[in-house]
Amino acid sequence: MKPVSLSLLFLATLLAAACSSTPTPDAADSELQPAKTAAGEVAPTGWRGRKYAVATAHPLASEAGQQMLHAGGSAVDAAIAAQMVLTLVEPQSSGIGGGAFLLHDDGRRTLAYDGRETAPAAASEKLFLMPDGQPMTFHEAIIGGRAVGVPGTLRMLEMAHAEYGRLPWGSLFGPAIALAEGGFPVSRRLHEQLRSDPHLARDPSAAAYFYGADGEPRAIGSILRNPELAAVLRRIASEGARALHEGDIAQAIVDKVQKHANPGRLSLADLAAYQAKKRTPLCHRYSPKEVDPPRTYRICGFPPPSSGGIAIAQILGILEQTGAASLKAEDPLWLHYYTEAARLAFADRAQYVADPDFVAAPADGWQSLINPDYLFARAQLIGEQSMRVAPPGQPRGAMLSYAPMPEQFEQGTSHLSIVDAYGNALAMTTTIEDAFGARQMVRGFLLNNELSDFSFAPTDANGVPIANRVQPGKRPRSSMSPTLVFDDDSGDLVLSGGSPGGALIIHYTAKLLYATLNWGFPLQQAIDLPNFGSLNGPTLLEEKRFPPSTSEALQARGHEVKEIGMVSGLQAIRRHRAGVLSGGADLRREGRVAGE
């Protein structure tokens, strides 16, 4: 069969002077050519420096992180300062009322800090079932207290700071407190999300803060002050995370959750008992073919309860077992191979991945899902026509004890990447889940709706349990994919990156890795590429970024194609062999790189 021609819009964002050969990884040190944003603006060519760098989803958060690095702080110090500012200026995405995953490397060891929310002790498998036994709709479940999990971001950051902080804990809250008291300008993105959200204004506290007396959202550029949050941050600065997990702030959270018309099960005991965890990162070797000179990387992702590390490793590993490994960036067959590999990865994600403290890994561990022999066998399922829906695999020795989880809506989140002057690097993805979370405001911050990442249905139609079902104390499966990449020979850091975007986080991060490691794209150029993917259903293309011929050609291969808004928020930092740092931030949001 003659290959179908797919007119990928990669061509629109390739280097203007690119030749027909695949660039080497060191091509990131060449001059970058400007790309155009969806609005027609010229994209920045990326940030350069030598000492340290911080990339976050908002300029004010990046500035706060830079202040800590300039003062001699560590990557963890900068992350704490940036997260507190994000709680204020990007409240729709993350904050102290949510959870986070932090991947950290100090040049000797890589650690995964798990600050994922947990289900309350009183939660049950039937949390999201209607009286007739049918699952609730997404918004029936998340508005109010029902889907609020025990927040973990502060306890996780406190744990990481105890090991890697260089500045006093209390000093890290200064930028956020100053902005909360003095005010910050409302951004276009925040304004537009306030305007489009039909639920947030139903909460009296949120309505008074985010909207005017006429019900209109605060205007772009207007100054928004949050003295309540400033008071909370002062308490946390002096008392630590227990200021939120115990006492009157904790009581205010519980009252908000339990007294809502759609009440949740969160209790004071749940908040007091929450513990962050250290886990072993999920790392694998990756040797992109057709790269000259050859280079082997060690890619470290977050382990379960995140599905991101496994899914990305599977996608990259399966692609290397197909014809995609020898294709250039502009080759029309690549997108077909990628989305087929994605289907296989998401089938395994639905079958196996859940909180490892509740669900055993298949076979000999999570590594069984990224074993090269297993991925080679999975790759044999890819043909000239799309599978449309791929079946889950079964690693040797694995038992199919659970039913696959149906795909559910996921949204929200923020990401930051930081490299400090001491050899430390981190990638942290942080969330309150859906935009504005549960739409419940307490003392100036929003509560998460993270329990909606559990399967609403605890079993399939035959009564077989789903691994990612609600259970007391359990952490819901996540797609957050903070990632660190190292040179396998020297152990030196190569890249820190990640993105928000619900389940599509996996595709955004995989795009970043493939474009930089396989094609040699500079970070900003890789971030600017059109987005694409599949959640083991339709082939998804970023709307208005692909010509009609792309969709037509994919359909000829049997793909069901949907063009949707795929608003990634990739943030990334790269260390080059010469010691130079480069950074990139996603113009689809408000990202900014800062440093020295």
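The values are calculated or read from the model by the stated rules, or taken from the named source; none is laboratory data. Just so it is clear, the structure is predicted and the values come from calculations on it, not from any experiment. Cβ placement follows ideal geometry from the backbone for every residue including glycine, while neighbour counts extend to all protein chains displayed.
Below, the figures for the structure above:
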| quantity | calculated |
| --- | --- |
| Hey, Arg443 within 22 Å of the chain's Cα centre (by Cα), on the phi > 0 side of the Ramachandran plot and either modelled with pLDDT of 95 or more or not β-branched (Val, Ile, Thr) (or both) or not | no |
| Qualifying residues in segment 346-374 (those that are small (Gly, Ala, Ser) and in a helix (DSSP H, G or I)) - the one nearest to Ala556 (Cα to Cα) | Ala347 |
| So Gln275, is it without any contact (Cβ under 8 Å) to a residue 60 or more places away in the chain and surrounded by fewer than 16 Cβ atoms within 10 Å (Cβ to Cβ) | no |
| Those residues of segment 444-464 which are assigned to a loop (DSSP other than H, G, I, E, B) and within 21 Å of Ser205 (Cβ to Cβ), in sequence order | Gly444, Leu447, Asn448, Asn449 |
| Test for Gly520: is it at pLDDT below 95 and not basic (Lys, Arg) | yes |
| Options Ala578, Ala503, Ala585, Ala594; residue that is within 24 Å of Ala324 (Cβ to Cβ), hydrophobic (A, V, I, L, M, F, W, C) and either over 21 Å from the mean Cα position of the chain (by Cα) or at pLDDT 95 or above (or both) | Ala503 |
| Residue in segment 311-321 that is surrounded by 22 or more Cβ atoms within 10 Å (Cβ to Cβ) and not in a helix (DSSP H, G or I) present | no |
| Val593 vs. criteria touching a strand residue (DSSP E or B) at 6+ places or on another chain (Cβ under 9 Å), within 30 Å of Leu69 (Cα to Cα), surrounded by fewer than 17 Cβ atoms within 10 Å (Cβ to Cβ) and of a type in the set (A, V, I, L, M, F, W, C) | no |
| Number of the condition not met by Gly520 [criteria: (1) farther than 28 Å from Gly323 by Cβ; (2) surrounded by 21 or more Cβ atoms within 10 Å (Cβ to Cβ)] | (1) |
| Residues within segment 91-119 that are buried (at least 24 other Cβ atoms within 10 Å of the Cβ) and under 20 Å from Ile253 (Cα atoms), tallied | 14 |
| Flag for Pro472 being surrounded by 21 or more Cβ atoms within 10 Å (Cβ to Cβ) and under 29 Å from Glu433 (Cα atoms) | no |
| Test: Gly463 is small (Gly, Ala, Ser) and either crowded, with 24+ Cβ neighbours inside 10 Å or under 22 Å from Glu125 (Cα atoms) (or both) | yes |
| Count of residues meeting criterion [touching a residue at least 40 places away in the same chain (Cβ under 8 Å) and assigned to a helix (DSSP H, G or I)] in segment 230-261 | 16 |
| Enumeration of residues in segment 404-434 that are in a strand (DSSP E or B) and either of a type in the set (A, V, I, L, M, F, W, C) or without any contact (Cβ under 8 Å) to a residue 60 or more places away in the chain (or both) | Leu416, Ile418, Val419, Ala425, Leu426, Ala427, Met428 |
| Residue within segment 512-525 that is under 13 Å from the mean Cα position of the chain (by Cα) and under 30 Å from Pro294 (Cα atoms) present | yes |
| Residue match in segment 225-244 (condition: farther than 22 Å from Val150 by Cα and touching a strand residue (DSSP E or B) at 6+ places or on another chain (Cβ under 9 Å)) | yes |
| Meets criteria (outside any helix (DSSP H, G or I) and among the charged types (D, E, K, R)) for Arg343 | no |
| Residue count for segment 411-440, restricted to those that are surrounded by fewer than 21 Cβ atoms within 10 Å (Cβ to Cβ) and either more than 19 Å from Ser568 (Cα to Cα) or of a type in the set (Val, Ile, Thr) (or both) | 3 |
| Positions within segment 527-566 being loosely packed, with under 14 Cβ neighbours inside 10 Å and among the hydrophobic types (A, V, I, L, M, F, W, C), in sequence order | Ala556, Ile564 |
| Residue in segment 390-410 that is closer than 30 Å to Ser205 by Cα, touching a Gly at 6+ places or on another chain (Cβ under 7 Å) and either surrounded by fewer than 22 Cβ atoms within 10 Å (Cβ to Cβ) or not aliphatic (A, V, I, L, M) (or both) present | yes |
| Output for segment 361-380, where each listed residue is without any contact (Cβ under 8 Å) to a residue 40 or more places away in the chain and either of a type in the set (Lys, Arg) or farther than 14 Å from Gln314 by Cα (or both) | Pro362, Ala363, Asp364, Gly365 |
| Selected residue [surrounded by 14 or more Cβ atoms within 10 Å (Cβ to Cβ), of a type outside the set (Val, Ile, Thr) and outside any helix (DSSP H, G or I)] from Gly264, Gly221 | Gly264 |
| Looking only at segment 202-218, and only at residues there that are under 29 Å from the mean Cα position of the chain (by Cα) and part of a loop (DSSP other than H, G, I, E, B), the one that is farthest from Asn262 (Cα to Cα) | Arg218 |
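Residues checked against (1) under 27 Å from Ala425 (Cβ atoms); (2) touching a His at 6+ places or on another chain (Cβ under 7 Å); (3) among the aliphatic types (A, V, I, L, M); (4) at pLDDT below 95:
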| site | (1), (2), (3), (4) |
| --- | --- |
| Pro3 | no, no, no, yes |
| Thr24 | yes, no, no, yes |
| Ala27 | yes, no, yes, yes |
| Ser62 | yes, no, no, no |
| Leu69 | yes, no, yes, no |
| Gly72 | yes, no, no, no |
| Leu86 | yes, yes, yes, no |
| Ser94 | yes, no, no, no |
| Leu103 | yes, no, yes, no |
